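Colleague: Here it is: the structure, laid out below.
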Amino acid sequence: MTDDPQAAIDAASERRERGRDSRVYEHTAGDVQDGIPFIGAGPGDPGLLTVTGKELVEDADLVVHAGSLVNSELLEAYCADAETVSSVGKDLEELIPLMRDAHEDGRTVVRLHSGDPAIYGAALEQMDALEQEGVPTYIVPGVTSAFAAAATLRTQLTLNGTANHVAFTRPQGRTLDPEDDHVSEFVAMGDVTTCIYLGTHAIPDVMDRLRDDGHDPDTPVTVVYHASWPDEDVIEGTVETIGEKVEDAGYRASALVVIGDAGAGANYDRSYLYGDWANRGGSESEADD
Ligand SMILES: C[S@@+](CC[C@H](N)C(=O)[O-])C[C@H]1O[C@@H](n2cnc3c(N)ncnc32)[C@H](O)[C@@H]1O
């Protein structure tokens, strides 16, 4: 079947429409399970890999990783003795037999995705194709780059009075049609922090479109390049200025774009949580934030 991963994806979709996989109810996120773990490596700093992820990587014989998006320091720190293979430039027809055969040979295989596999990770199609081959898989979550960027910027992505919502999005390009690009709509909502993945090379175009759509050219935009890496860089600007600044810096990939006041940590209000509301016995579920 490996020659037809789409058939595996279609079959898995049909199964899911009929009902949930029983493992959904048998395990919690964070459980070590049978099969190949799809591990979120985090944004780059080896310290930002979860404890479970680190233990699994340390135990691996074969680590298939997301190439330059996974910091080589992490591989050197945790799996220097394992075979490491970059997934860059490999299609499913190559990746699936590679992981399946190693698993069937009794080797311990892990698949390392950058950040968290659930965000622009293309993990599910690999998992579906492997499962179709009889190889169980599961996900170990990681720190997505938007959260690392927020930490770098010493801010929150949601801030009372400024940003009630967060959008994880990407701009139009080779793999997203213009009608599916919603950056401008998120910015128009006013109280959304818009986090743009996969758009470093396109920042000037994105900003041109925002201006053409009538957005305030002074809207704050912050770009975090290589969040948590030794060469991490922060570029501050606005819809008007950020494109040129990023071009001057020469960044074409590996940056997260944050649009909105929350990225600057500006113009927010004190929360209800540690204000009057705290003394009025707010419900525990809402007090969590
Ligand atoms: C294929 S997506 C993978 C995203 C990843 N799954 C995550 O959760 O962060 C790659 C994009 O994530 C962003 N990215 C990944 N690592 C980053 C980092 N350390 N700093 C800033 N942005 C990063 C960039 O926008 C890059 O184009």
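The values are calculated or read from the model by the stated rules, or taken from the named source; none is laboratory data. Since we're looking at a predicted model, the values are computed, not measured. Quick reminder, even Gly has a Cβ in these numbers, built from the backbone with ideal geometry, and neighbours come from all protein chains shown.
Colleague: Can you work out which of the residues in the range 238-280 that are more than 16 Å from the ligand (Cβ to nearest atom), surrounded by fewer than 19 Cβ atoms within 10 Å (Cβ to Cβ) and on the phi > 0 side of the Ramachandran plot is farthest from the chain's Cα centre (by Cα)?
Modeller: Once the filter is applied, the top-ranked residue is 267.
Colleague: Okay, moving on. For residue 106, only one of the following conditions fails: (1) outside any loop (DSSP other than H, G, I, E, B); (2) without any contact (Cβ under 8 Å) to a residue 12 or more places away in the chain. What is its number?
Modeller: Exception for residue 106: condition (1).
Colleague: Something else now. In the same structural domain as residue 66 (by TED's automatic domain parsing) and surrounded by fewer than 22 Cβ atoms within 10 Å (Cβ to Cβ): does that describe residue 122?
Modeller: yes
Colleague: Look at the range 43-63 and say how many of its residues are under 19 Å from residue 102 (Cβ atoms) and in contact with a helix residue (DSSP H, G or I) (Cβ under 6 Å, 6 or more places away or on another chain).
Modeller: 5
Colleague: Filter the range 145-171 for residues that are within 19 Å of residue 265 (Cβ to Cβ) and of a type in the set (S, T, N, Q); which is nearest to the ligand (Cβ to nearest atom)?
Modeller: 145
Colleague: Where residues in the range 109-125 are among the hydrophobic types (A, V, I, L, M, F, W, C) and part of a helix (DSSP H, G or I), which of them is nearest to the ligand (Cβ to nearest atom)?
Modeller: Looking only at the range 109-125, we keep the residues that are among the hydrophobic types (A, V, I, L, M, F, W, C), and these are 109-110, 112, 118-119, 122-124.
Restricting the remaining residues to those that are part of a helix (DSSP H, G or I) gives 123-124.
Details: 123: 9, 124: 12 Å.
My answer is 123.
Colleague: Answer yes or no: is there a residue in the range 20-28 that is touching a residue at least 40 places away in the same chain (Cβ under 8 Å) and either of a type in the set (Asp, Glu) or touching a helix residue (DSSP H, G or I) at 6+ places or on another chain (Cβ under 7 Å) (or both).
Modeller: Within the range 20-28 (the criterion being touching a residue at least 40 places away in the same chain (Cβ under 8 Å) and either of a type in the set (Asp, Glu) or touching a helix residue (DSSP H, G or I) at 6+ places or on another chain (Cβ under 7 Å) (or both)), the answer is no, since none of the residues qualifies.
Yes/no matrix, rows are residues, columns are (1) assigned to a strand (DSSP E or B); (2) outside the structural domain of residue 48 (by TED's automatic domain parsing); (3) touching a residue at least 60 places away in the same chain (Cβ under 8 Å); (4) surrounded by fewer than 20 Cβ atoms within 10 Å (Cβ to Cβ):
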residue: 185; (1), (2), (3), (4): no, yes, no, yes
residue: 201; (1), (2), (3), (4): no, yes, no, yes
residue: 204; (1), (2), (3), (4): no, yes, no, yes
residue: 210; (1), (2), (3), (4): no, yes, no, no
residue: 217; (1), (2), (3), (4): no, yes, no, yes
residue: 224; (1), (2), (3), (4): yes, yes, yes, no
residue: 231; (1), (2), (3), (4): no, yes, no, yes
